[in-house]
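Step one of this worksheet: look at the structure below.
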Amino acid sequence: MLKWWPSFTAGLLTGLLAAGLILLLISRPPRYTIELLPPPTPAPLQVHVAGAVATPGVHTIPFGSRLQDALAAAGGPLEDADLDRVNLAAALEDGQHVYIPHRTPQTPLDGAATSPAQLPMTQKVNVNTATASELESLPGIGPSLAEAIVEYRLEHGLFNQPEDLLGVSGIGQAKLEQIAGLIRFR
């Protein structure tokens with residue numbers, strides 16, 4: 001009497017399975033919206049600007065600013081500021097101290113060259129980022145030795161401590177002691 005029942009059940013299940021498979025293949029996957037968030041805005045820098053500026057003190061400047069931006073935030077240079085002795089394009093870091101030197105009696109007003117030995121030392125020189133001319137502001141460091149420091153840094157990597165400078169040809173213990181208090185590494 002129910003001989004047809006197993007065939008009917010198998011056919012029904014096969015049909016349902018086929019219909020489900022067809023629906024699965026032709027239906028589109030659900031769309032998920034992806035929201036792209038802007039990168040976080042870096043915090044502004046706090047930079048201490050001192051020396052020959054209109055408003056010395058701690059100034060807030062945008063992240064990625066240069067020394068010229070800090071100088072503008074400090075109200076600009078005074079009339080006797082010696083801007084030839086600072087790198088206005090230098091990138092700044094949070095918490096940095098920047099000193100804008102005053103012209104001294106040895107500093108000519110007409111822009112004539114003055115040897116670095118005649119200039120007073122106003123801030124520590126970063127031996128890992130300084131150019132050869134900036135290194136010449138150190139006592140006892142002339143053009144050839146400054147160039148040797150830059151070349152050594154390019155070939156061997158950054159300096160981490162004063163003793164690392166002993167690897168530079170022309171720098172001995174006496175010269176290192178002469179400049180040790182005038183240099184920095186960060």
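The values are calculated or read from the model by the stated rules, or taken from the named source; none is laboratory data. Just so it is clear, the model here is predicted, and its values are computed rather than measured. Note that each Cβ is placed from the backbone with ideal geometry, even for glycine, and that neighbours are counted across all protein chains shown.
Residues in the range 76-102 that are part of a loop (DSSP other than H, G, I, E, B), within 12 Å of Gly51 (Cβ to Cβ) and free of Cβ contacts under 8 Å to residues at least 40 places away in the same chain: Leu78, Asp80, Asp82, Val86. The residues on offer are Glu177, Glu155, and the sole one that is over 23 Å from the mean Cα position of the chain (by Cα), more than 24 Å from Ala89 (Cα to Cα) and of a type in the set (D, E, K, R) is Glu177. Selection of the range 1-29 for residues being surrounded by fewer than 10 Cβ atoms within 10 Å (Cβ to Cβ) and either under 60 Å from the mean Cα position of the chain (by Cα) or at pLDDT 90 or above (or both) yields Leu23, Leu24, Leu25, Ile26, Ser27, Arg28, Pro29. Here is a check on your reading of the model: is Thr60 out of contact with any Cys (no Cβ under 8 Å at 6 or more places or on another chain), modelled with pLDDT of 95 or more and either within 18 Å of Val125 (Cβ to Cβ) or outside the structural domain of Ala132 (by TED's automatic domain parsing) (or both)? Yes; evaluated as a whole, the condition is true for this residue.
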